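The values are calculated or read from the model by the stated rules, or taken from the named source; none is laboratory data. Bear in mind that the values here come from a model prediction, so they are computed numbers and not experimental data. Methodologically, a virtual Cβ is constructed for each residue, glycine included, from the backbone with ideal geometry; neighbour enumeration extends over all protein chains shown.
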Amino acid sequence: MLKRTITILLLVLLSSPAVAAGGEVELRSRSWSFSGPFGTYDKASMQRGFQVYTEVCAGCHSMKLIAFRNFIDLGYNESEIKAIASQYEVKDGPNDDGDMFLRAAIPADRMPAPYANDNAARAGNNGALPPDLSLIAKARPNGADYLYSLLSSYKDVPDGKDVPEGLYYNTAYPGHLIAMPQPLYGDDVSFSDGSETTIEAVSADLTQFLMWAAEPKMEARKRIGVAAVFFLCIFVIVSYLAKRRVWADVH
Ligand code: HEC
């Protein structure tokens, strides 16, 4: 009986996807400005993250749910946003002749995608689809730590590990084999505020930016949460005092 239980336990353990795929996910942590009930986003870091996204990631990844006007949250003013948008071209139409045409983007437009559709994206990436990054931070467990680790965990392949053509070794990715080539090598960008451009620093900036993209209203949510808890505490005290008063004559 005991033997059978142990065998079943072993089978269950060994068949779990992480083990079967040959590698546990190794996550690295950092203290994020946005964690905890009073957490807020770091605007300067998000602006740097947006710059890195544009210069490094946007060649493969779209962020279709983000409109240029949303960048007001990153601390840009309206004219800066207009200027950012005007650097992009978006498809519009049909015009009076029934044709689609390209025009400069305006703040109300969403960020254009690098590929026309998913099949084109797959064709350009060895058959793997670079996912849209708008909600990726919320679509993965431990979003912030995961993104930070994923971007900074490309490592030398250990002896005896076979990495097939078109895959890359990354210890933060489930199974350790990812179809995305290493995007950051350090000093990939230069920041006007003179911030660090190491792989870790840039990954942290990207994480701030992607966390904001996935949950732009986080700060409001936390503010309301804290206010609600504060209100409830006062309400409990008042209710208790009222109860004591109402029942004071009953012995
Ligand atoms: C050369 C194209 C290319 C570039 C540049 C690139 N990626 Fe990717 N990325 C991919 C592909 C392809 C996948 C799909 C990987 C897979 O399915 O194994 C991917 C997957 C991802 C994922 C999802 C991982 C998961 O858990 O499924 C994230 C997050 C990501 N990329 C972020 C980034 C960021 C941030 C940058 C910029 C620093 C970037 N990528 C640059 C091609 C690229």
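Do any helices (runs of 4 or more DSSP H) lying entirely in region 113-180 carry at least 3 residues that are farther than 28 Å from A85 by Cα, in the same structural domain as I199 (by TED's automatic domain parsing) and touching a residue at least 12 places away in the same chain (Cβ under 8 Å), and which ones are they?
Helices (runs of 4 or more DSSP H) meeting the threshold: 143-151.
Can A116 be described as out of contact with any His (no Cβ under 8 Å at 6 or more places or on another chain) and loosely packed, with under 15 Cβ neighbours inside 10 Å?
The answer is yes for A116.
Take region 85-112 and flag every residue that is of a type in the set (V, I, T) and outside any loop (DSSP other than H, G, I, E, B).
Passing the criteria: only V90.
What are the residues in region 129-175 that are away from the ligand (no atom under 12 Å from the Cβ), surrounded by 17 or more Cβ atoms within 10 Å (Cβ to Cβ) and among the charged types (D, E, K, R), if any?
Hit for region 129-175 is D145, nothing else.
A quick yes/no check of all residues on (1) in contact with an Asp or Glu (Cβ under 7 Å, 6 or more places away or on another chain); (2) of a type in the set (A, V, I, L, M, F, W, C); (3) under 30 Å from E165 (Cβ atoms); (4) at pLDDT 95 or above:
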{"residue": "V90", "(1), (2), (3), (4)": "yes, yes, no, yes"}
{"residue": "D96", "(1), (2), (3), (4)": "no, no, no, yes"}
{"residue": "D99", "(1), (2), (3), (4)": "no, no, no, yes"}
{"residue": "R103", "(1), (2), (3), (4)": "yes, no, no, yes"}
{"residue": "I106", "(1), (2), (3), (4)": "no, yes, no, yes"}
{"residue": "M111", "(1), (2), (3), (4)": "no, yes, no, yes"}
{"residue": "N117", "(1), (2), (3), (4)": "no, no, yes, yes"}
{"residue": "R122", "(1), (2), (3), (4)": "no, no, yes, yes"}
{"residue": "I136", "(1), (2), (3), (4)": "no, yes, yes, yes"}
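State all residues of region 216-246 that are basic (K, R) and not in a helix (DSSP H, G or I); if no residue qualifies, say none.
The answer is K217, and nothing else.
Which residues, taken from region 54-98, are acidic (D, E) and over 26 Å from I199 (Cα atoms)?
Of everything in region 54-98, those that are acidic (D, E) and over 26 Å from I199 (Cα atoms) turn out to be E78, E80, E89, D92, D96, D97.
Condition (residue is within 16 Å of L210 (Cβ to Cβ) and within 18 Å of the chain's Cα centre (by Cα)) applied to region 118-129: is it met by at least one residue?
Among the residues of region 118-129, not one is within 16 Å of L210 (Cβ to Cβ) and within 18 Å of the chain's Cα centre (by Cα), which makes the answer no.
Please enumerate the residues belonging to region 181-213 that are surrounded by fewer than 20 Cβ atoms within 10 Å (Cβ to Cβ) and either in contact with a Pro (Cβ under 7 Å, 6 or more places away or on another chain) or small (G, A, S) (or both).
Passing the criteria: G186, S190, S192, G194, S195, A201.
For region 206-215, does any single residue satisfy the condition of being outside any helix (DSSP H, G or I), modelled with pLDDT of 95 or more, within 14 Å of the chain's Cα centre (by Cα) and not β-branched (V, I, T)?
Yes; the residues of region 206-215 include at least one that is outside any helix (DSSP H, G or I), modelled with pLDDT of 95 or more, within 14 Å of the chain's Cα centre (by Cα) and not β-branched (V, I, T).
So S29 fits all but one of (1) at pLDDT 95 or above; (2) surrounded by fewer than 19 Cβ atoms within 10 Å (Cβ to Cβ); (3) within 16 Å of the chain's Cα centre (by Cα); what number is the exception?
(1)
Tell me whether region 86-105 contains one or more residues that are within 16 Å of the ligand (Cβ to nearest atom) and surrounded by 15 or more Cβ atoms within 10 Å (Cβ to Cβ).
No, there is no match, as no residue in region 86-105 is within 16 Å of the ligand (Cβ to nearest atom) and surrounded by 15 or more Cβ atoms within 10 Å (Cβ to Cβ).
Output the number of the condition that G75 fails; it satisfies all remaining conditions of (1) surrounded by fewer than 17 Cβ atoms within 10 Å (Cβ to Cβ); (2) over 16 Å from F50 (Cβ atoms); (3) touching a helix residue (DSSP H, G or I) at 6+ places or on another chain (Cβ under 7 Å); (4) not hydrophobic (A, V, I, L, M, F, W, C).
The single condition G75 does not satisfy is (2).
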